[in-house]
Amino acid sequence: MRPRPVEVESIGSQVMALLVDNLDGMVFRCTLASGRRMTFASPGCRHLTGYASDELLASDGAAYEALIHPDEREMVNGTIQAAAEFGRRYQIEYRILCRDGHVKWVLERGLAEQGVSGPAKIEGLVEDITERVQAQMELAEAELRYRSIFEHSEVGMYQTTEDGQYLAANQALANLLGYGNPAELLAGLNAWAGQFYVDPARRATYRRQIREEGRVKGFESEVVRQDGVRIWVSEDAHAVFDTQGTFRCYEGTVIDVTERHRYEEQLEFQAAHDALTGLPNRNLLQDRLHQATALASRAGVKVALAFVDLDNFKVINDTLGHAAGDLLLEAVAGRLVSCLRETDTVARYGGDEFVLILMAQPGLADIARTLERIQEAVADPVVVGEHRLHVRASIGVSVYPDDGEDLNLLLRYADAAMYHAKEDGKGRFAFYTGAFNRAVTERFAIETALRGAVEGGEMRLHYQPRVDANGRACGCEALLRWTHPSLGGLRPDRFIPLAEELGLIHEITEFVLATVCRDAVSWGGSASQMGVAVNVSSRLFADGRLPQLIRGVLRKTGLPPGRLEIEVTESLLVGNVEHTARQLRDLRSLGVRIALDDFGTGYSALSYLRKLPFDVLKVDRSFVSECDQSEDARALVRGIVSMGAALGLTVVAEGIERSSQLAELAAAGCAEFQGYLFAVPMPAQDVAMWLRRNHAAGRLDGSLSPSDSRPAAVSPGCAEGGPE
Ligand code: C2E
Ligand code: MG
Ligand code: MG
């Protein structure tokens, strides 16, 4: 039971008294003088201050002013005094010290009246507002904390209205977008919002998404900074509602993802482009082909698909090294691109293969003109270091929709046409015709069969004898023969280049060298002294392992090195000549002889003849075949032979079929001869016999007259079935 008020002035009714008694807080009346000693204080006073109301009334009790926090007393009195001067209501918040030492926040509302004389009179109510003030303070503190996070965050942040007006932004966002401070940024964003996104449609997408879903997450766009630089940003944003569920704003964060974006773009680019040339790769080619053909079928035009393969590239790459090969490919790629229109595509398909998509071609003649232009551009020498490299392009073409609509098939057709162009002589182009399919199938069959040929024991060696100016057998050349169970006999010219391409040439050469040396060691009689020549692919000089291989085989088989001659061709000279020369000198120092085969057909500079350690020069069959036919050919062959002889080389003529050719060559000064006129290539046991017999039967008078120039007939049954 609350104590009854001691004095109730001018509150008449019982009801009013009851109300005042039960009111939370303290209803009071006092003067501003004497420490605000109360003349009335409602019972709520105890709950509020810890003092009973009569304690605040008693002259020896607590004066209310003493309860007011010392820091605020002056402010409270001043406010009340001011209100009193105008007879106004006042409202004031301050702290009081309760009896138990607690501090409470109170709200005092009252009416102050200046007495005619003496201090102001006040009536009012003091309520406990501690809880509310504390909540407010906590809120303010939290706000302060959040503001600090907002202002000091490394992440760009913003708030916008529902219709996209920017309300707030932090310094990080200002920095990100190149503004000095948030205020400038807000002004800029609100003025230029439309141009903020590089793709204006992004803004509409953002707004639709956030309106429909209430949020956007990882929303990536390219934006323009104030300085005009474009960057990529990722935005996370959501709608903010108050406790009543009313929309307040959108707020979001922005981070710079430019670097990641560039990296991803780079990865994407790499996945679709060739690293060396930057051209589209096979993956992208497929896309481009789809686009091209879709476009062409809508427009009713043709698209040409050209498969380009560089002739001689592999030799250059193997001999000059990959760095040179790469430079060459880059140069060719650039030329291909510059020959075509922007709407066309140049893709790198593989090693030295490119695929071109030529858009909107009116007819075959137009395609042909473009291809001619390309071939001319490619044929221009490419300078790599001190080398001037000559490559040519063989091109095969298929046409959409004439040759079909299946893109993979069209590619295969173009590839087939390219092989046809190559077979036709390098540096040409060919349009696909159905007949090529057979050629491709066949090439594929040979490729497959070749992989098992050595292991399967399908390869053998035949030997073609050589005779000297006296017609006496003086050695032979080993020539590889391959008979496949279903493909039949295949000539080296058909499978050696393929073996080089497929990387099978090492295995084949090992087999050839081992077989030849073994065979030669087994020959008895005069044949046991004779030399044997082995053809060696220029490719083998690239890795530098040839001397070691030969040394090993000689040691294993016991063939005296002086009996082995290796025949190399001029293609050797397009490569790293110093590297090659070292290996040739190595071989020479073992005692092995070196012959330059097919001389005159290649592209070597004559100066190499002096620089490289050759022992033998083999005049190519193409010179031999004409030498008895025309004056020009005769002069040419004489020139070649005398030059070789002047350099101290043994000059050998190959491919002699007629005695008239033999007479010419003998007269020109050739030292040795080889050809069907004397013998066709034959198996090992037959050649040993032939060599022995013809060594003895050779003419000793030194003359090889056209009429009786055959030192001995081809042994029946031991030849390859007559001249090849
Ligand atoms: P090559 O070294 O110039 O060999 C001479 C080619 O001419 C041989 O053809 C031979 O059978 C042929 N021939 C010989 N005399 C006559 C003739 O009087 N008239 C005509 N028309 N041809 C004649 P084959 O055996 O088909 O070899 C072709 C080429 O294949 C060889 O040319 C050589 O470059 C290469 N080759 C042969 N065997 C091997 C080998 O074991 N390894 C390597 N890497 N290449 C080889
Ligand atoms: Mg040869
Ligand atoms: Mg030859």
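For the stretch 546-567, the tally of residues that are outside any helix (DSSP H, G or I) and within 15 Å of ligand 1 (Cβ to nearest atom) stands at 4.
Here Leu32, Leu67, Leu57 are screened, and the one residue that is touching a residue at least 60 places away in the same chain (Cβ under 8 Å) and buried (at least 18 other Cβ atoms within 10 Å of the Cβ) is Leu32.
Please indicate, with yes or no, whether at least one residue in the stretch 57-71 is at positive phi and outside the structural domain of Val257 (by TED's automatic domain parsing). Looking for residues that are at positive phi and outside the structural domain of Val257 (by TED's automatic domain parsing), one finds none in the stretch 57-71, hence no.
In this structure, Glu154 does not satisfy being in contact (Cβ under 8 Å) with a residue 24 or more places away in the chain and either assigned by TED's automatic domain parsing to the domain that holds Thr253 or acidic (Asp, Glu) (or both). Looking only at the stretch 495-547, count every residue that is within 38 Å of the chain's Cα centre (by Cα) and within 16 Å of ligand 3 (Cβ to nearest atom) and tell me the total. The qualifying residues number 5.
In this structure, does Ser571 turn out to be assigned to a helix (DSSP H, G or I), within 29 Å of Gly385 (Cβ to Cβ) and within 14 Å of ligand 3 (Cβ to nearest atom)? Don't jump to the end; show me each part of the working.
On the way: assigned to a helix (DSSP H, G or I): yes; within 29 Å of Gly385 (Cβ to Cβ): yes; within 14 Å of ligand 3 (Cβ to nearest atom): yes.
Spelling it out, Ser571 is indeed assigned to a helix (DSSP H, G or I), within 29 Å of Gly385 (Cβ to Cβ) and within 14 Å of ligand 3 (Cβ to nearest atom).
Quick one: which strands (runs of 3 or more DSSP E) sit completely within the stretch 467-541 and have at least 3 residues that are assigned by TED's automatic domain parsing to the domain that holds Arg551 and surrounded by 22 or more Cβ atoms within 10 Å (Cβ to Cβ)?
On the way: elements: 473-484, 488-490, 531-535.
In the stretch 467-541, 473-484, 531-535 are the strands (runs of 3 or more DSSP E) which contain 3 or more residues that are assigned by TED's automatic domain parsing to the domain that holds Arg551 and surrounded by 22 or more Cβ atoms within 10 Å (Cβ to Cβ).
Can you confirm whether Gln661 is within 16 Å of ligand 3 (Cβ to nearest atom) and within 24 Å of Ser526 (Cα to Cα)? Please lay out each step first, then the result.
Numbers: within 16 Å of ligand 3 (Cβ to nearest atom): yes; within 24 Å of Ser526 (Cα to Cα): no.
In short, no.
Condition check: modelled with pLDDT of 90 or more, assigned to a helix (DSSP H, G or I) and loosely packed, with under 12 Cβ neighbours inside 10 Å. Does Glu265 satisfy that? Full working, then the answer.
Working: modelled with pLDDT of 90 or more: no; assigned to a helix (DSSP H, G or I): yes; loosely packed, with under 12 Cβ neighbours inside 10 Å: yes.
In short, no.
Identify the single condition in (1) surrounded by fewer than 17 Cβ atoms within 10 Å (Cβ to Cβ); (2) at pLDDT 90 or above; (3) over 19 Å from His290 (Cα atoms) that Gly363 does not satisfy, given that it satisfies every other one. It fails just one condition, (2).
Please work out which one of (1) in a loop (DSSP other than H, G, I, E, B); (2) surrounded by 20 or more Cβ atoms within 10 Å (Cβ to Cβ) is the condition Val624 fails and give its number. Status for Val624: all satisfied but (1). Scanning the stretch 455-478 for residues that are out of contact with any Asp or Glu (no Cβ under 9 Å at 6 or more places or on another chain) and within 16 Å of ligand 3 (Cβ to nearest atom) gives a single hit, Cys476. For the criterion of being in a helix (DSSP H, G or I), over 22 Å from Thr370 (Cβ atoms) and in contact with an Asp or Glu (Cβ under 9 Å, 6 or more places away or on another chain), Val315 passes.
Looking across the stretch 515-544 at every residue that is modelled with pLDDT under 95, among the hydrophobic types (A, V, I, L, M, F, W, C) and under 21 Å from His579 (Cα atoms), the one that is nearest to ligand 1 (Cβ to nearest atom) is identified as Leu540. Quick one: is Gln134 farther than 29 Å from Ala33 by Cα, more than 60 Å from the chain's Cα centre (by Cα) and at pLDDT below 95? Here the answer is yes, as Gln134 does meet what is asked. No other residue among Val568, Val532, Val577 is out of contact with any Cys (no Cβ under 6 Å at 6 or more places or on another chain), within 16 Å of ligand 2 (Cβ to nearest atom) and β-branched (Val, Ile, Thr) apart from Val568.
Can you tell me which residue within the stretch 547-565, out of those that are away from ligand 2 (no atom under 16 Å from the Cβ) and hydrophobic (A, V, I, L, M, F, W, C), is farthest from Ile316 (Cα to Cα)?
First pass over the stretch 547-565, keeping only residues away from ligand 2 (no atom under 16 Å from the Cβ): 547-563.
If we keep only those that are hydrophobic (A, V, I, L, M, F, W, C) too, we end up with 549-550, 553-554, 559.
Values: Leu549: 23, Ile550: 24, Val553: 28, Leu554: 30, Leu559: 33 Å.
It comes out as Leu559.
Residues considered: Gly12, Gly35. Of these, the only one that is in contact with a helix residue (DSSP H, G or I) (Cβ under 8 Å, 6 or more places away or on another chain) and at pLDDT below 90 is Gly35.
Counting only residues that are part of a helix (DSSP H, G or I) and touching an Asp or Glu at 6+ places or on another chain (Cβ under 6 Å), which one in the stretch 649-680 is nearest to ligand 2 (Cβ to nearest atom)? It comes out as Gln661. Of the residues examined, Ala671 is one that is assigned by TED's automatic domain parsing to the domain that holds Leu479 and at pLDDT 90 or above. Any idea which of Glu500, Glu570 is more than 30 Å from His695 (Cα to Cα), touching a strand residue (DSSP E or B) at 6+ places or on another chain (Cβ under 9 Å) and within 15 Å of ligand 1 (Cβ to nearest atom)? After applying the criteria, what remains is Glu570.
The values are calculated or read from the model by the stated rules, or taken from the named source; none is laboratory data. Nothing here was measured: the structure is a model prediction, and the numbers come from that model. Using ideal geometry, Cβ is built from the backbone for each residue, glycine included, and neighbour counts are taken over all protein chains shown.
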